Every structure is written in C-alpha cells, then in structure tokens.
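The values are calculated or read from the model by the stated rules, or taken from the named source; none is laboratory data. Keep in mind that this is a model prediction, so the values were computed, not measured. Note that we place each Cβ from the backbone using ideal geometry, even for glycine, and neighbour counts take in every protein chain shown. Accessible surface areas use protein heavy atoms only, side chains included; no ligands, DNA or RNA. Shrake-Rupley method; radii C 1.70, N 1.55, O 1.52, S 1.80 Å.
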Amino acid sequence: MVEFVWFGFLALFFGLLILDLSILHRESATLSVRQALFWTAVWVSVAMSYAGVIYGLYEHRWLGFEPGPGVAGGTDAVVQYVTGYLLEWSLSVDNIFVIALIFAYLRIPTQYQYRVLFWGILGAILMRALMIGLGAALVTQFSWILYLFGAFLVFTGVKMFAATDEKSDFDSNPVLKYLRRHFRITSELHGHDFTVRKKDPASGKLVTWLTPLAVALILVECVDLIFAVDSVPAIFAVTLDPFIVYTSNIFAILGLRSLY
C-alpha cells in the first residue's frame, strides 16, 4: 500500500498544478503584490495542512504505510516534514534572486515570466525526484556518505561566504554560450512561444528557432539543478525518510512562483 500513498501524493500535486495553470491562470498575467501574497499564503497553508496527513501516516499507519528510517512516530515525522519544508523554502530565496537576474538579462516581460516559472518548476520537481531517489539509495547502501554530504555543504558555504559581490556576467555563462553556438535564437520574443518557425538567412529554408523565453527556461532549469546539489544533501541532514524528503521539497517548490 506504500505505492498507493505515493500515487495519492503525486495525484494531489499534479491536481494542484493543473488547477493553477488551467483554471486560476489561464492566460499570462502579471500578479499584483496582493495576489502574490494571497497565493503564497495559499501554498503555505496547503503544505502545512498536509502535515496532518503526515501525522496520520506515521502515527496511525494509514493504508498500511511503513515509516522510513529515523522516524519515531507521527509527531517526529511532522517535525521533520516542517523543518525540511522551511529549509527548502529558505534555500529557494537564492534561487529566486538568480531567476530574477536571468529575466532581467533576457528582458522577459512579467506577463510571460509565469510560463517560464511553471515549466521550470515542473522540471525542477522531476530533477528533485531523481536526485532524492539517488541520494536515498546511496545513504541506504553507504551510511558514511552523509559525512561526504556534510563536507560538501561546508565547502559550498565557505565558497559563498568568500565570494565577491561582482556583477553577474551572463555573456560568459557556459550554458548560454553553448546555446548560442548550437541553436538559432531569435532576438525578439514571439508571445509566450518557446520556439518559432522562421527562415534561415543562409539557406532560406523554414527552420525552428529558440526564443528568449526558451533560453530563460533552460537557464532556470540549470540554476535549479545547481541549487538542488546543495538543498538535497541539506534535507538528508534533517531526515532520511524518502517520503518526508520528497513531499517537503515539492511543497516548498510549489510555492516558488508566487513567492517570486
């Protein structure tokens, strides 16, 4: 029945995503500060409400659920879940600042940023699933790897502390250089489209071009991958239970768009 619990969580998550995209935000629009605060409060409330489900699963063994390692009971599970959620939420602040720099550099209007954030968050969730699954498997097989995770976090912390406040130079970004070298990229936006069919100046044939919106999405995904390398080891310092790790991470990411 453990699979049913996972399926239920994923169904809830994708239901919330569909609600957000197809009903609440059918068209690209700029959120006001009041709307952003409202939806941030909604996503935080949903995440905290799910703590009740966590308690029932780990305390009363709903649906025959079996807790992972290091969880004493429902109260302990809720503490780990909320701690993991707050940890990931706080680490997402750095992510938000970098995303803002990407949008500013590529001159993405606010009414199109939601589309990038939606697909960026969806991609981030898939990447987190892979990384958390890999991390859980490694910790199960090699318990000493937790010390390696800790050393890595100390290293990245020292590196960030020693970093200078120089202005980010996206022109020298290796991902952006690769895209410009291997893909055709338009200089202007084409609405909310990620690609567009245009004539190639050299051959005169209709070919597919990437728009700045697609470039922004690729950069956002790369940024989240980099930050996940920090946040996933950090959450394993809080709990080793894969379900708590994943649910706390996903609910924190789900509110990233409105927080931005």
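Things to note:
- Flag if Leu57 is in a helix (DSSP H, G or I), closer than 28 Å to Val229 by Cα and either touching a residue at least 40 places away in the same chain (Cβ under 8 Å) or touching a Leu at 6+ places or on another chain (Cβ under 6 Å) (or both): no
Let's see how each residue does on (1) assigned to a loop (DSSP other than H, G, I, E, B); (2) open to solvent by less than 50 Å² (accessible area, probe 1.4 Å); (3) within 14 Å of Thr247 (Cβ to Cβ):
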site	(1), (2), (3)
Val46	no, yes, yes
Leu63	no, no, no
Gly68	yes, yes, yes
Val71	yes, yes, yes
Asp76	no, no, no
Gln80	no, yes, yes
Tyr85	no, yes, yes
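Residue-by-condition table, conditions (1) over 20 Å from Phe4 (Cα atoms); (2) touching a residue at least 12 places away in the same chain (Cβ under 8 Å):
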site: Ala51; (1), (2): no, yes
site: Pro67; (1), (2): no, yes
site: Phe118; (1), (2): yes, yes
site: Leu126; (1), (2): no, no
site: Ala129; (1), (2): no, yes
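- Across the range 233-250, the qualifying residues are those that are open to solvent by less than 10 Å² (accessible area, probe 1.4 Å) and hydrophobic (A, V, I, L, M, F, W, C), and the one among them that is nearest to Leu86 (Cα to Cα) is Ile235.
- Contact map, the range 30-44: first residue closer than 21 Å to Val116 by Cβ, second residue modelled with pLDDT of 85 or more, Cβ cut-off under 8 Å, separation 6 or more or different chains; pairs are Trp43/Phe251.
- Residue count for the range 187-214 satisfying the condition of being of a type outside the set (S, T, N, Q), open to solvent by less than 90 Å² (accessible area, probe 1.4 Å), in a strand (DSSP E or B) and more than 20 Å from Tyr105 (Cβ to Cβ): 3.
- Within the range 216-237, not a single residue is at pLDDT 85 or above and either farther than 21 Å from Arg115 by Cβ or part of a loop (DSSP other than H, G, I, E, B) (or both).
- Looking across the range 172-186, the residues that are open to solvent by less than 90 Å² (accessible area, probe 1.4 Å) and within 26 Å of the chain's Cα centre (by Cα) come down to Ser172, Asn173, Val175, Leu176, Leu179, Ile185.
- Among the residues of the range 88-111, those that are open to solvent by less than 70 Å² (accessible area, probe 1.4 Å), in contact with a helix residue (DSSP H, G or I) (Cβ under 6 Å, 6 or more places away or on another chain) and not in a loop (DSSP other than H, G, I, E, B) comprise Glu88, Leu91, Ser92, Asn95, Val98, Ile99, Ile102, Phe103, Tyr105, Leu106.
- Residue satisfying all of: in the range 1-18; among the aromatic types (Phe, Trp, Tyr) and free of Cβ contacts under 8 Å to residues at least 12 places away in the same chain; surrounded by the most Cβ atoms within 10 Å (Cβ to Cβ) among these: Phe14
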